[in-house]
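The values are calculated or read from the model by the stated rules, or taken from the named source; none is laboratory data. Bear in mind that the values here come from a model prediction, so they are computed numbers and not experimental data. Here Cβ is always computed from backbone atoms with ideal geometry, including for glycine, and neighbour counts include all displayed protein chains.
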Amino acid sequence: MRRFARSLVALAALALLAGAAAFWSLGGADGVQQRAIKRLLQDQRAELFEDGRLHVFTLGTGSPQPGGRRNPVATAVIAGEEFLLIDAGEGASRTIGQLRLPLQRITGVFITHWHSDHFSGLGQILNMSW
């Protein structure tokens with residue numbers, strides 16, 4: 001029984017060392033993070049900008065009242081190379097991420113009027129599009 005336990009510990013140690021070596025060979029945390037970012041950017045929906053069609057995504061259709069399951073108002077429009085955001089309610093950036101739309105390609109933001117449910121997510125959009 002002791003021999004089995006020692007073998008198991010040795011196997012776990014080898015696995016840990018192999019994992020550490022693989023992690024180090026990828027460039028450590030920075031290398032792994034850079035690869036993840038690159039994969040995310042490549043995975044985003046470039047075809048939407050190349051197919052010559054008009055694409056409209058409702059990112060939120062809710063009201064300014066708290067609660068419910070809908071985000072406040074936001075709409076994404078992609079036409080050719082243009083990526084426009086019409087209104088930017090709270091949660092728009094999360095929905096853009098869920099749809100895998102590339103935030104960094106937003107070319108313009110149009111706020112229809114100055115009610116908070118139409119611009120409350122603009123700060124998140126600006127932060128995440130860097």
Requested in this report: Please work out if residue 100 is in contact with a strand residue (DSSP E or B) (Cβ under 8 Å, 6 or more places away or on another chain), surrounded by fewer than 17 Cβ atoms within 10 Å (Cβ to Cβ) and among the charged types (D, E, K, R).
Outcome: no
Query raised in the report: Before we move on, is residue 62 in contact (Cβ under 8 Å) with a residue 12 or more places away in the chain, over 29 Å from residue 52 (Cβ atoms) and not hydroxyl-bearing (Ser, Thr, Tyr)?
Result: yes
**Report entry** Condition broken by residue 56, with the remaining ones in (1) modelled with pLDDT of 90 or more; (2) within 17 Å of residue 104 (Cβ to Cβ); (3) exposed (fewer than 15 other Cβ atoms within 10 Å of the Cβ) satisfied
**Finding:** (2)
Query raised in the report: Inside the stretch 100-118, can you point out the residues that are in contact (Cβ under 8 Å) with a residue 24 or more places away in the chain and under 13 Å from residue 77 (Cα atoms)?
Result: 101, 102, 103, 105, 107, 108, 109, 110
